[in-house]
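Taking it in order: structure first as structure tokens, then the write-up.
The values are calculated or read from the model by the stated rules, or taken from the named source; none is laboratory data. Keep in mind the model is a prediction, meaning the values are calculated, not measured. Please note: Cβ atoms are built from the backbone with ideal geometry, for glycine as well, and neighbour counts cover all protein chains shown.
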Ligand SMILES: [Zn+2]
């Protein structure tokens, strides 16, 4: 079964849902549980389904 709703992105530290803040074409990730911004690199590493690895050239 596959949900068509938007994917849930989780915090790499606490595993709770993280908030995506989009500004100027860049995405920032803010965890309301940790109460801090998370590095997009770490968030992407923790959510491989939402952010598939880029194919290497
Ligand atoms: Zn967190």
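Selection within the range 23-49: residues that are assigned to a loop (DSSP other than H, G, I, E, B) and within 10 Å of the ligand (Cβ to nearest atom). The member of this set that is surrounded by the most Cβ atoms within 10 Å (Cβ to Cβ) is 34.
Scanning the range 1-19 for residues that are closer than 15 Å to residue 40 by Cβ and either touching a helix residue (DSSP H, G or I) at 6+ places or on another chain (Cβ under 9 Å) or at pLDDT below 80 (or both) gives 9, 10, 11, 12, 13, 18.
For the range 3-11, the criterion of being touching a strand residue (DSSP E or B) at 6+ places or on another chain (Cβ under 8 Å) and not in a loop (DSSP other than H, G, I, E, B) is met by at least one residue.
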